[in-house]
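Participant: Sharing a structure here in structure tokens format.
The values are calculated or read from the model by the stated rules, or taken from the named source; none is laboratory data. No experiment lies behind these values; they were computed from the predicted model shown. Methodologically, a virtual Cβ is constructed for each residue, glycine included, from the backbone with ideal geometry; neighbour enumeration extends over all protein chains shown. With ligands, DNA and RNA removed, areas are computed over all heavy atoms of the protein, side chains included. Shrake-Rupley method; radii C 1.70, N 1.55, O 1.52, S 1.80 Å.
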Amino acid sequence: MNEDTPPIEGYEGLPIATLQHRVRSLDTEQMRRLIAYEEAHADRTGVLEILKNRLHGLEEGAEPSGGSQQFQPERPGPAAGGSPVNTDTVAPQASPPPHGVPAQPAKPKGDYQPGNQ
């Protein structure tokens, strides 16, 4: 993997709560790379705190958790089913608003006649 690429796909867009769980499967070297990436790019204090705490845990003997970075619950798949909207369920055509629309300008009301003021 490229040194300029974080070891977690979509890293930049992950919410902090999700990131906190996703880094648990990384090893010590991957955590160091991720910290270097964060420091070189966004340098977010809260994110760096989470990453450095996890690295410290790994250096103290914690093991990376099982699991795969391929599982991404923050990226839901396509919706099941389809849209119930079709030509039979479309709303009826509405009249233009009283102030008119560019293709159909409003008509004057009351006794107004152009030229009489």
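Participant: For the range 1-17, which residues satisfy the criterion of being in a helix (DSSP H, G or I) and buried (at least 16 other Cβ atoms within 10 Å of the Cβ)?
Facilitator: Result: Y11, single match.
Participant: Please enumerate the residues belonging to the range 24-45 that are within 19 Å of the chain's Cα centre (by Cα) and open to solvent by less than 70 Å² (accessible area, probe 1.4 Å).
Facilitator: Within the range 24-45, E38, A42 meet the criteria.
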